[in-house]
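Notes for the one structure printed next.
The values are calculated or read from the model by the stated rules, or taken from the named source; none is laboratory data. Fair warning: this is a prediction, and the values are worked out from it, not measured in the lab. Note that we place each Cβ from the backbone using ideal geometry, even for glycine, and neighbour counts take in every protein chain shown.
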Amino acid sequence: MTHEEAFASLNKSFGEKIQRKTEFRGETTYTIATSDLREIAKFCRDELSFDYLLDITSIDNFGEEPRFEIVYHLYSMSRGVHLRLKSRVPEEAGAVDTVSDIWPTANWHEREAYDMMGIKFNGHPDLRRILMWEGYPYFPLRKDFPLEGLPSEMPDIAFTKVTPMEGGPFVTIPSTAGSKDREPRAHPPQL
């Protein structure tokens, strides 16, 4: 089956559920409703041989509703074809059904989208933070999160006040020195 035949099969099977199809640089993107995601994902894996989930990304369209988009980057190893499934997620609902049972690699990708954006995945086997610590009250990749970070009351963190932009909140190390001296890029490499 060629990739044209595969996409024709997807269009035939789910034509009414496909909100939009986009072609760009030889890659195809289908926009679908979150309620149809699992059904279409299973079809893509089982019938169209999209056996590899490359990545899951999330987009914050701050000021729009639905606010978030979730994008699944799929690849068929046997055909060498890329496919994206894209879905809009409202902020108040903020939940999508997991695909971690369809593609096990989705497990960590979904945890990262939850940790950084606050998008929840219904049915995920272990939905907890993967980069930030448990109890962290913010979602750092949302557009309303300030670039300089937010104060923290955690005593073992490198800083407890808003950090200047030199190093951002994730690259400084604990020290009594000021943020300018803690910035790793401010020091030339030792030879």
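Here the range 70-91 is the region considered, the condition is being under 19 Å from residue 36 (Cα atoms) and either out of contact with any strand residue (DSSP E or B) (no Cβ under 7 Å at 6 or more places or on another chain) or hydrophobic (A, V, I, L, M, F, W, C) (or both), and the residue that is surrounded by the fewest Cβ atoms within 10 Å (Cβ to Cβ) is 90. Put simply, of 34, 28, 57 the only residue that is assigned by TED's automatic domain parsing to the domain that holds residue 118, over 19 Å from residue 107 (Cα atoms) and surrounded by 16 or more Cβ atoms within 10 Å (Cβ to Cβ) is 28. For residue 50, state whether it is among the aromatic types (Phe, Trp, Tyr), more than 14 Å from residue 88 (Cα to Cα) and surrounded by 19 or more Cβ atoms within 10 Å (Cβ to Cβ). Answer is yes for this residue.
For the range 27-46, a residue qualifies if it is free of Cβ contacts under 8 Å to residues at least 40 places away in the same chain and within 19 Å of residue 75 (Cβ to Cβ), and the qualifying residues are 43, 46. For the range 89-115, the candidate set comprises residues that are small (Gly, Ala, Ser) and not in a loop (DSSP other than H, G, I, E, B); within that set, the residue that is farthest from residue 140 (Cα to Cα) is 106. Considering only residues that are touching an Asp or Glu at 6+ places or on another chain (Cβ under 8 Å) and farther than 19 Å from residue 68 by Cβ, look in the range 14-56 and name the one that is modelled with the highest pLDDT. So the residue we want is 45. Does the range 80-88 include one or more residues that are among the hydrophobic types (A, V, I, L, M, F, W, C), touching a residue at least 60 places away in the same chain (Cβ under 8 Å), in a loop (DSSP other than H, G, I, E, B) and closer than 25 Å to residue 19 by Cα? No, there is no match, as no residue in the range 80-88 is among the hydrophobic types (A, V, I, L, M, F, W, C), touching a residue at least 60 places away in the same chain (Cβ under 8 Å), in a loop (DSSP other than H, G, I, E, B) and closer than 25 Å to residue 19 by Cα.
The residues listed here are 63, 26, 15; of these, the one that is closer than 12 Å to residue 82 by Cβ and among the small types (Gly, Ala, Ser) is 26.
Screening the range 1-69 for strands (runs of 3 or more DSSP E) wholly inside it with 1 or more residues that are out of contact with any strand residue (DSSP E or B) (no Cβ under 8 Å at 6 or more places or on another chain) and not polar (S, T, N, Q) returns the ranges 18-24.
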